[in-house]
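K.L.:
Please find one structure pasted underneath; my questions will follow.
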């Protein structure tokens, strides 16, 4: 078994290992390739401007990170074409469908990039150009493989002219039109061939040789060789669907509805999830997945064990319809919690409107399960965006307190998990201050915390979220608040977002956790701002420019009429910026 996935760079440990395995395959399968070229692959992935093309690495690996094959694709956006530089199975892995799966994924990517076609070099199946019988046999097999997909050599040019007279095995230039059946215009072909020779073979091909090859393209449109091995010109069609490795990995809290406070005016209701799913389930960019179950110990990675134990214990003793609201608070003495469990609620809570119920612990724990499942998927490198669609929310939950409808800080727990694999940034874009993650990570420099929110002078949680809260100890300078006024324009919001993103880029995190609040929208009962669905799309596009893998954790948002469309628009912008404009992000 194997999967096909993109490796974007060498930031993640498992991706560094994959790249090293790809380099070993190159050494084993391409003996004429220089070590310098092999060592350049990580730099090629990270620096398209230097090489004048964008490198895209696909690997076929198993779930133990063992690479069974790879393909290295060049995308040249200024000329709108793709060039397949390498495709190979690992030693002893040929004949297992790996090459076909990789090539089909490469063709999908070329179509998604709206390329006019896919070019590659293949060694000749002409005995006049290849004198070695065994090599000729291999060349025929390779060209037969590509011909099945409709990819055939371009003819009546001097592309296969050897650099040095008498050299054996000069390559054909093969063109796959990706089933688009559009003729390849001569002038377009000349520009593409010049780009291949000047960029891929910089310093190798003399100017006179390049001009010789370019001038030989005389036919318009350019012609390809007639089928030689497959007795039909009908090519294998390219699937137009979004490949799995480019979908948003969606994890939904399937037990969120068990926590349903039916009292009048309580707005943190199960319909919130339904409102968002109504729009996302129609979107082919999402892949819905079941959450894994994690032990309760995971809660203690950021929360005080005594708080976790209390929360679980009181929920177990409540009757199905019983609610406990905090009503006594330890202003003078916080050292000794009250003996009675209902009275003790105020010892751990920061407000009077977040009730404890029979199923609150279970629902909140399953929200954590979802966030950790999504975080694990990001860490594995199979997806670039993951979304934990959960309730109850979590960003107001601190180390040993709950409030603001929040019991466990799912985003902070996921960030803590990811921090073992690199630097993490948390960007909270809920209308209310993300006091939970601020308090949890306040003295740490490995997790950057940023919150854009309504000023605490007029909005919950009132006692935190000021601009002068910068962190403490090692964490000084790693907490940033952007408190905004009660009435703002979308331009003012995006100005603040731009400043926050600049800080994140300078931090250069391995992972970005986004606490997504949709309560910044017009008409939300808990907010005062007027962001539109168009604004959410632009916000998503701006955040997508951060190149790190992104975990989105759902927080607030209570105008159920517009929750779904605003969530959809946010992810439209995030997805497009992450995948369609990645070249500009480097």
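K.L.:
Can you list the helices (runs of 4 or more DSSP H) found entirely within region 1-120 that contain at least 2 residues being without any contact (Cβ under 8 Å) to a residue 60 or more places away in the chain and farther than 25 Å from residue 203 by Cβ?
P.N.:
The helices (runs of 4 or more DSSP H) meeting that bar are 13-29, 98-112.
K.L.:
Here's a check for you: in region 295-307, which residue that is touching a residue at least 60 places away in the same chain (Cβ under 8 Å) and either part of a helix (DSSP H, G or I) or touching a strand residue (DSSP E or B) at 6+ places or on another chain (Cβ under 8 Å) (or both) is surrounded by the most Cβ atoms within 10 Å (Cβ to Cβ)?
P.N.:
Top of the filtered list is 299.
K.L.:
Another one. Take residue 310 and tell me if it is touching a strand residue (DSSP E or B) at 6+ places or on another chain (Cβ under 8 Å) and closer than 30 Å to residue 420 by Cβ.
P.N.:
No, not satisfied.
K.L.:
Oh, and also: Kindly provide the set of residues from region 527-551 that are crowded, with 18+ Cβ neighbours inside 10 Å and in a loop (DSSP other than H, G, I, E, B), ordered by number.
P.N.:
Of everything in region 527-551, those that are crowded, with 18+ Cβ neighbours inside 10 Å and in a loop (DSSP other than H, G, I, E, B) turn out to be 527, 529, 546, 547, 548, 549.
K.L.:
Same structure, new question: Kindly indicate whether residue 345 is free of Cβ contacts under 8 Å to residues at least 60 places away in the same chain and assigned to a helix (DSSP H, G or I).
P.N.:
In short, yes.
K.L.:
Given the criteria in contact (Cβ under 8 Å) with a residue 24 or more places away in the chain, closer than 30 Å to residue 370 by Cβ and surrounded by 12 or more Cβ atoms within 10 Å (Cβ to Cβ), does residue 196 qualify?
P.N.:
Criteria not met by residue 196.
K.L.:
Sticking with this structure for a sec: On the basis of being touching a strand residue (DSSP E or B) at 6+ places or on another chain (Cβ under 9 Å), at pLDDT 95 or above and not assigned by TED's automatic domain parsing to the domain that holds residue 15, does residue 510 make the cut?
P.N.:
Against the criterion (touching a strand residue (DSSP E or B) at 6+ places or on another chain (Cβ under 9 Å), at pLDDT 95 or above and not assigned by TED's automatic domain parsing to the domain that holds residue 15), residue 510 qualifies.
K.L.:
Let me ask you something else. Of the residues that sit in region 396-414 and are in contact with a strand residue (DSSP E or B) (Cβ under 7 Å, 6 or more places away or on another chain) and crowded, with 24+ Cβ neighbours inside 10 Å, which one is nearest to residue 307 (Cα to Cα)?
P.N.:
Among them, the one singled out is 402.
K.L.:
Residues that are more than 21 Å from residue 78 (Cβ to Cβ) and at pLDDT 95 or above: which helices (runs of 4 or more DSSP H) entirely in region 126-232 hold 1 or more of them?
P.N.:
By residue number, 133-148, 207-215.
K.L.:
Going through 15, 10 one at a time, which residue ends up being buried (at least 21 other Cβ atoms within 10 Å of the Cβ), closer than 16 Å to residue 381 by Cα and either at pLDDT 95 or above or not assigned by TED's automatic domain parsing to the domain that holds residue 546 (or both)?
P.N.:
15
K.L.:
Within region 270-294, track down each residue that is part of a loop (DSSP other than H, G, I, E, B), in contact with a helix residue (DSSP H, G or I) (Cβ under 7 Å, 6 or more places away or on another chain) and under 17 Å from residue 367 (Cβ atoms).
P.N.:
Selection gives 270, 291, 292, 293, 294.
K.L.:
In region 314-327, which residues are touching a helix residue (DSSP H, G or I) at 6+ places or on another chain (Cβ under 7 Å) and either closer than 10 Å to residue 361 by Cβ or surrounded by 12 or more Cβ atoms within 10 Å (Cβ to Cβ) (or both)?
P.N.:
314, 315, 324, 326
K.L.:
Here's something else I'd like to know. Quick one: which of 267, 258 is at pLDDT 90 or above, in contact with a helix residue (DSSP H, G or I) (Cβ under 9 Å, 6 or more places away or on another chain) and under 30 Å from residue 514 (Cβ atoms)?
P.N.:
Going through 267, 258 in turn, just one is at pLDDT 90 or above, in contact with a helix residue (DSSP H, G or I) (Cβ under 9 Å, 6 or more places away or on another chain) and under 30 Å from residue 514 (Cβ atoms): 258.
K.L.:
Further, regarding this structure: Run down 330, 337, 355 and say which single residue is surrounded by 15 or more Cβ atoms within 10 Å (Cβ to Cβ) and more than 39 Å from the chain's Cα centre (by Cα).
P.N.:
After applying the criteria, what remains is 337.
The values are calculated or read from the model by the stated rules, or taken from the named source; none is laboratory data. Owing to the predicted nature of the structure, the values given are computational and were not obtained by experimental measurement. In this analysis, Cβ positions are derived from the backbone assuming ideal geometry, glycine residues included, and neighbour counts consider all displayed protein chains.
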